[in-house]
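Inspection log for the structure reproduced underneath, given as structure tokens.
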Amino acid sequence: CDFYLGSDSGIYNVANSFEKKISFVNFPSMSLLSRYHSDKNLPCSIKLIKNRKDKKLLTFEEMLRNKFDNLLDYEELYRSGYELISNTDQEIMELAMEILGDYQIDEMEKKYLTDKFSSIFNRYNPNTSNTQSVPRIGISFLKKYKYLLD
């Protein structure tokens, strides 16, 4: 294969051991993606978090500020009134198109989305280093959820 596109379950280690590029979908945490997979050089997509009471998605900043981004106990998250939202088939397809170079976006918009996301992420993760960097979230994903950057 040219690259792996899928979850962070154990099977991705096969592609990793053959030094293939990795792109995760439905990754549960921006911070963990940054911390443990910063060497993967393809864009990824994450699960979003929805408030079950008002049915609104949390912004990227709300996820990071409230440390929901690192909460991997999904039952605790649910008891707190929130739920994880998986990527849609369309989002996964657009991420694959982006990796293959078939997703077109204006360079100015791409820069804006990337810079805005980086700014939010760095605000709540000020100690990024060579082993941890801003996670590379797909531009197609950031464009769809542009309103979560505000």
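I'm trying to understand the selection: among the residues of segment 22-75, which are among the aliphatic types (A, V, I, L, M) and under 9 Å from the mean Cα position of the chain (by Cα)?
Those that are among the aliphatic types (A, V, I, L, M) and under 9 Å from the mean Cα position of the chain (by Cα): V25, M30, L33, I46, L48.
If I ask for residues that are touching a helix residue (DSSP H, G or I) at 6+ places or on another chain (Cβ under 9 Å) and open to solvent by 40 Å² or more (accessible area, probe 1.4 Å), which ones from segment 135-150 would you list?
R136, K143, K144, K146, D150
Can you tell me which residues in segment 87-108 are crowded, with 17+ Cβ neighbours inside 10 Å and in a loop (DSSP other than H, G, I, E, B)?
N87, Y103
The conditions are (1) of a type in the set (A, V, I, L, M, F, W, C); (2) within 22 Å of K21 (Cβ to Cβ); (3) under 15 Å from the mean Cα position of the chain (by Cα), and I105 fails exactly one of them. Which is it?
I105 satisfies all of (1) of a type in the set (A, V, I, L, M, F, W, C); (2) within 22 Å of K21 (Cβ to Cβ); (3) under 15 Å from the mean Cα position of the chain (by Cα) except (3).
Filtering segment 115-134 down to residues that are in contact with a helix residue (DSSP H, G or I) (Cβ under 7 Å, 6 or more places away or on another chain) and part of a helix (DSSP H, G or I), which residue is modelled with the lowest pLDDT?
Step by step, filter segment 115-134, then rank; the result is Y124.
Looking only at residues in segment 62-83 that are modelled with pLDDT of 90 or more and buried (at least 17 other Cβ atoms within 10 Å of the Cβ), which one is farthest from L5 (Cα to Cα)?
Ranking the qualifying residues of segment 62-83, first place goes to Y82.
Restricted to segment 109-120, and to residues that are surrounded by 13 or more Cβ atoms within 10 Å (Cβ to Cβ) and of a type outside the set (S, T, Y), which residue is farthest from N26 (Cα to Cα)? Can you show your working first?
Filtering segment 109-120 for residues surrounded by 13 or more Cβ atoms within 10 Å (Cβ to Cβ) gives 109-110, 112-114, 116-118, 120.
In the following step, the residues that additionally are of a type outside the set (S, T, Y) were identified as 109-110, 113, 116-117, 120.
Working: E109: 24, K110: 21, L113: 20, K116: 21, F117: 18, I120: 20 Å.
Taking the candidates together, the pick is E109.
If we only count helices (runs of 4 or more DSSP H) wholly inside segment 1-86, which ones have 1 or more residues that are under 26 Å from R123 (Cβ atoms) and among the basic types (K, R)?
The helices (runs of 4 or more DSSP H) meeting that bar are 30-37, 60-65.
For R123, only one of the following conditions fails: (1) touching a Leu at 6+ places or on another chain (Cβ under 9 Å); (2) open to solvent by less than 80 Å² (accessible area, probe 1.4 Å). What is its number?
It is condition (2) that R123 fails.
For K20, are the conditions met, namely being at negative phi, surrounded by fewer than 19 Cβ atoms within 10 Å (Cβ to Cβ) and without any contact (Cβ under 8 Å) to a residue 40 or more places away in the chain?
Taking the combined requirement at face value, the residue satisfies it.
Say whether the condition of being of a type in the set (D, E, K, R), open to solvent by 70 Å² or more (accessible area, probe 1.4 Å) and at pLDDT 90 or above is met by at least one residue in segment 29-50.
Within segment 29-50, not a single residue is of a type in the set (D, E, K, R), open to solvent by 70 Å² or more (accessible area, probe 1.4 Å) and at pLDDT 90 or above.
The values are calculated or read from the model by the stated rules, or taken from the named source; none is laboratory data. Note that this is a predicted model, so its numbers are computed, not measured. Every residue, glycine among them, receives a Cβ derived from its backbone with ideal geometry; neighbour counts consider all protein chains shown. The accessibility values were calculated without ligands, DNA or RNA, using every heavy atom of the protein model including side chains. Shrake-Rupley method; radii C 1.70, N 1.55, O 1.52, S 1.80 Å.
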